[in-house]
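Report on one structure; see the data block that follows.
The values are calculated or read from the model by the stated rules, or taken from the named source; none is laboratory data. As the structure is a prediction and not an experimental result, all values here were calculated from the model. Cβ atoms come from the backbone with ideal geometry, glycine included; neighbour counts cover every protein chain shown. Surface accessibility is based on the protein's heavy atoms, side chains included, excluding ligands, DNA and RNA. Shrake-Rupley method; radii C 1.70, N 1.55, O 1.52, S 1.80 Å.
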Amino acid sequence: MAKIGLEVHVHITSLKTKLFCSCPSHYAGKEPNSVVCPVCLGLPGAIPVPNKKAIEEAIKVSLALNMQISDKVVFVRKHYFYPDMAKNYQISQYDGPGTTPVAKNGFIKLRNGKTIRIRRINIEEDPAKIVYPTGSLLTSKYVWVDYNRSGIGMLEIVTEPDIEDPKEAREFLEKLRSILEHLGTCDCTIEGSMRVDVNVSVPGGERVEVKNIGSIKGVEEALKYEIARQEALISQGLPVKRETRHWDDVRKVTLPSRYKEEETDYRYFPDPDLPPTTITENWIKSIASSLPELPDARIRRFMVQYGLSEYDATVLVMDKGLADFYEDVLKIYYKPKEVANLLINDYLRWINEMNIRPSESKAKPEYIASLLKMMEEGVITIKIVKEILSDVVKGSDPRKLVEERGLTALRDQEFLMEVIKQVFAQEPDAVEKARRDPKVVNYLVGQVMRRTGKRADPYLVNQLVRKMLEG
Amino acid sequence: MVEVNEELIKRLERLSLIKLTPEERERMIREVKAVLDFFDKINSLDLSNVEPLFHPLAESRSREDSPITGLSQEEALLNAPRKENGFIVGPRIYSGDQS
């Protein structure tokens with residue numbers, strides 16, 4: 001069994017400005033180095049001033065993760081040399097003399113009731129973005145640096161090593177993401193807004209850190225790879241040494257980094273430019289009273305209000321975009337179980353196939369409502385619903401699709417009997433067998449469905465085929 | 001107390017990304033020793049009744065979350081020794097084994 005701890009870095013995307021300067025924090029699509037000022041460029045003499053809303057967001061997240069919140073916010077300098085940090089230190093937080101993280105000792109509960117403890121939350125600034133113009137991290141002869149991202153407010157959320165396998169890591173991260181999205185702190189669909197470092201060890205080996213994984217799926221893949229690599233070494237009697245590695249998302253492997261472990265010494269000390277900010281009880285109370293409905297409460301409400309199973313409610317709520325979409329469909333078409341079934345069993349499959357998040361789907365709530373309504377009215381069959389769903393996810397109006405492609409259900413008995421007669425004529429053996437074995441009836445029904453482009457009402461066809469067999 | 005020797009100075013060189021000559025290293029050993037001796041003097045005072053003070057100011061200013069336009073790209077790049085396509089050019093990062 002592996003021992004896994006996570007360090008999750010999330011952008012506080014609800015902020016309009018950076019953490020320590022008034023530069024706009026929305027830099028997507030902007031020219032490189034065009035959303036900067038002396039503070040985030042790290043020019044000598046520039047003085048950082050903390051963003052009050054960033055501290056409030058950190059307190060919100062701390063409350064939602066059941067943390068003990070510090071009575072003050074203290075920032076430290078974390079020193080290292082890397083082109084992404086012009087002043088040679090990152091402003092962060094630390095648990096040490098004279099300093100403390102904004103919050104400690106929280107937890108998230110997984111579906112099976114297991115508790116994953118959260119050690120601490122730090123508020124910190126993001127470094128600049130590095131681009132590799134002549135290859136990858138490994139091969140590029142030099143780098144390009146873009147300071148637009150430098151100084152963006154982030155939270156670093158660190159767990160205890162309570163996670164035991166890659167699937168648990170995935171569930172933890174999905175729940176954390178859902179909590180952050182319900183709070184509105186982080187819109188995790190924005191590229192690069194959630195990055196994860198993992199610490200993983202297997203029995204008999206040292207702890208290995210894999211840095212900078214950009215997606216939840218990537219974390220699961222990197223952990224699977226790393227556990228297999230470490231277990232293979234141990235089974236050959238080789239040591240797993242303590243080291244830092246990087247995840248290569250293209251080749252799907254982890255690779256060693258250049259720094260030797262003994263040289264990692266960040267020389268933390270309280271940043272003299274940033275005196276502490278006091279967090280009063282009243283401040284915490286007023287933030288607590290304005291917290292929105294969080295995933296656990298929403299799951300319970302879905303079970304009580306809509307009569308969903310715990311499993312279905314959890315699948316919907318683990319993705320805020322999907323849960324919101326579900327409730328939007330219900331506003332138009334109030335059949336909670338039917339809508340949940342279609343979204344969970346079929347809709348989600350197409351979303352996953354297209355490798356997008358539910359909030360990125362082009363389907364409108366009205367579309368799902370009209371699909372189910374057309375099925376309820378007998379205009380289309382369930383097979384057609386499933387078939388056109390992939391186009392609906394891409395933004396097509398199902399009413400138009402049904403009209404244009406002539407997908408309405410066939411219920412004309414005379415016509416269906418003609419088709420059944422043709423099938424009987426061509427499948428004499430199957431007809432013989434079907435008289436003795438009811439399972440073969442389904443085969444005949446299937447043949448009729450195929451000839452009608454799945455438009456025949458399967459229930460009606462079944463009745464007619466049985467009548468033919470008896471008669 | 002930390003022993004100030006050549007090994008420590010070499011470690012500090014690595015952490016600070018600088019290179020010293022053997023003569024400079026000798027001088028550093030003397031100077032770092034002097035600094036640490038001075039701190040030792042401070043440590044000899046009984047300050048058990050005094051709260052450590054990390055900042056001369058008790059409370060930070062904070063800032064509302066409203067954006068202000070900063071520097072233009074042209075201004076931002078004025079002092080960069082090398083630039084390309086609006087980026088600042090920096091050294092290569094990875095020098096580990098390329099297996």
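Scanning the stretch A:386-433 for residues that are of a type in the set (S, T, N, Q), in contact (Cβ under 8 Å) with a residue 24 or more places away in the chain and more than 24 Å from A:Ser359 (Cβ to Cβ) yields A:Thr408, A:Gln413, A:Gln422. The one condition from (1) touching an Asp or Glu at 6+ places or on another chain (Cβ under 7 Å); (2) not in a helix (DSSP H, G or I) that A:His246 does not meet is (1).
Considering only residues in the stretch A:286-306 that are part of a helix (DSSP H, G or I) and touching a helix residue (DSSP H, G or I) at 6+ places or on another chain (Cβ under 6 Å), the one that is nearest to A:Phe75 (Cα to Cα) turns out to be A:Ile287.
There is at least one residue in the stretch A:235-242 that is buried (at least 17 other Cβ atoms within 10 Å of the Cβ), of a type outside the set (Ser, Thr, Tyr) and more than 14 Å from chain B (Cβ to nearest Cβ). Of all residues in the stretch A:44-79, those being out of contact with any Pro (no Cβ under 7 Å at 6 or more places or on another chain), within 10 Å of another protein chain (Cβ to nearest Cβ) and not in a helix (DSSP H, G or I) number 7. The strands (runs of 3 or more DSSP E) found entirely in the stretch A:93-139 that carry 2 or more residues being open to solvent by less than 60 Å² (accessible area, probe 1.4 Å) and closer than 24 Å to A:Ile163 by Cβ are A:103-109, A:115-125.
Could you list, in sequence order, the residues of the stretch A:307-351 that are part of a helix (DSSP H, G or I), of a type outside the set (A, V, I, L, M) and either open to solvent by 70 Å² or more (accessible area, probe 1.4 Å) or not assigned by TED's automatic domain parsing to the domain that holds A:Val385 (or both)? A:Glu310, A:Tyr311, A:Lys331, A:Lys337, A:Glu338, A:Asn341, A:Asn345, A:Arg349 - these are the residues of the stretch A:307-351 that are part of a helix (DSSP H, G or I), of a type outside the set (A, V, I, L, M) and either open to solvent by 70 Å² or more (accessible area, probe 1.4 Å) or not assigned by TED's automatic domain parsing to the domain that holds A:Val385 (or both). Scanning the stretch A:264-285 for residues that are open to solvent by less than 80 Å² (accessible area, probe 1.4 Å), assigned to a loop (DSSP other than H, G, I, E, B) and not hydrophobic (A, V, I, L, M, F, W, C) yields a total of 10. Looking for whichever is open to solvent by 20 Å² or more (accessible area, probe 1.4 Å), within 28 Å of the chain's Cα centre (by Cα) and polar (S, T, N, Q) here; the options are A:Thr13, A:Thr17. Which one fits? Result of the check over A:Thr13, A:Thr17: A:Thr13. Touching a Ser or Thr at 6+ places or on another chain (Cβ under 8 Å) and open to solvent by less than 80 Å² (accessible area, probe 1.4 Å), is that true of A:Tyr225? Spelling it out, A:Tyr225 is indeed touching a Ser or Thr at 6+ places or on another chain (Cβ under 8 Å) and open to solvent by less than 80 Å² (accessible area, probe 1.4 Å). Inspect all residues belonging to the stretch A:399-418 and state whether any of them is open to solvent by 20 Å² or more (accessible area, probe 1.4 Å) and within 23 Å of A:Leu322 (Cα to Cα). So far as the stretch A:399-418 goes, yes, one or more of its residues are open to solvent by 20 Å² or more (accessible area, probe 1.4 Å) and within 23 Å of A:Leu322 (Cα to Cα). The residues in the stretch B:43-80 that are modelled with pLDDT under 90 and open to solvent by less than 100 Å² (accessible area, probe 1.4 Å) can be counted, and the count is 9.
Residue count for the stretch A:153-176 satisfying the condition of being open to solvent by 10 Å² or more (accessible area, probe 1.4 Å) and not in a strand (DSSP E or B): 12.
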